[in-house]
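Here is the structure we will look at, set down as structure tokens.
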Amino acid sequence: MAREKKSGRRIPWRIWLALVALALAAAGSAAAALKLRAYALADPDFTFSRDHKDAFAVQGLVYASRAKVERIFAADFGHSIFAVPLGERRRRLLAIDWIEDASVSRIWPDRLSVRVHERKPVAFVGFRSGVLLIDRQGVFLDPPRQANFTFPVLSGIREDESDADRREAVRILLGFENDMGYLFKDVSEVDVSDPDNIRIVAQVNNRPVDLTMGGENFAKRYQNFVSHYPEIMKHSPDVRKFDLQLDDRITAKE
């Protein structure tokens, strides 16, 4: 009686031998990695120490609090730099209001390097709780004591507005600034509560004037107003509010 053929194919012994060799190599590599990690965590040459002058380097700080940055890494001193959770430390750095981006790197054998990119404010905002700065992303920033900014005041936003609403308000402000060009230096306040009818306060001939600008052609309308302002002062010296919503018309608002 003929033997039945087996349905499966036998794996050649050479392949089995190769698989066993790979498994042994992987196990050896894992064991070596564990030994290397244990060595790096325990050897004093890798200790992150306050005694080393250059052990902790921070670059990019201008207005952000160095004390806040240092507190994030306070618990890491006295331990191996390989025990520092870089991702977690970066996440905490990004929670500091002035820091927009940050990186944390280990420097062989016992140093840490921190690089930060600070937020760039574009305007002041005033609330009952006080005056803050706001950046391009609509993030509120505490004004640093040592700074002397000359930004205009951005009006028309609330302290409890969403991030998206604040970003939109800043976008409108920056669009207005871009349209105005060098003339923007005269502007001390921009109200964006109505995006289709922006209102500003500007210094013209050393006098503050309240101007309703509409939603476009800002530089053209403002330049037209400035050109005619000496004549306007002769006829209406006490008027400080004007409507410029039409390109070729200046309307005094009593």
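We did not get these values from a lab; they are worked out from the coordinates using the rules stated. Small disclaimer: the values here were computed from a predicted structure and weren't measured. We place every Cβ from the backbone using ideal geometry, glycine too, and count neighbours over all the protein chains shown.
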* Which of Arg158, Arg199 has the fewest Cβ neighbours within 10 Å, and the rest in rising order -> Arg158, Arg199
* **Sites matching GluC sites (Glu not before Pro) across the stretch 77-167 that sit in DSSP coil, with at most 15 neighbouring C-beta atoms within 10 Å** => Glu159, Glu161
* For a quick protection proxy, order the peptides 166-176, 223-233 by their average other-Cβ count within 10 Å, most packed first. => 166-176, 223-233
* To do: Could you work out the relative contact order of the stretch 82-161, using alpha carbon pairs under 8 angstrom and six or more residues apart, expressed as a whole percent?
  => 20 percent
* Using 7 Å Cα-to-Cβ label points, what is the Ser227/Ala252 separation (nm, one decimal)? -> 2.1 nm
* Asked: Taking the Cα-to-Cβ direction at Ser113 and at Ala55 and moving 7 Å from each Cα, how far apart do the two end points lie in nm?
  -> 1.9 nm
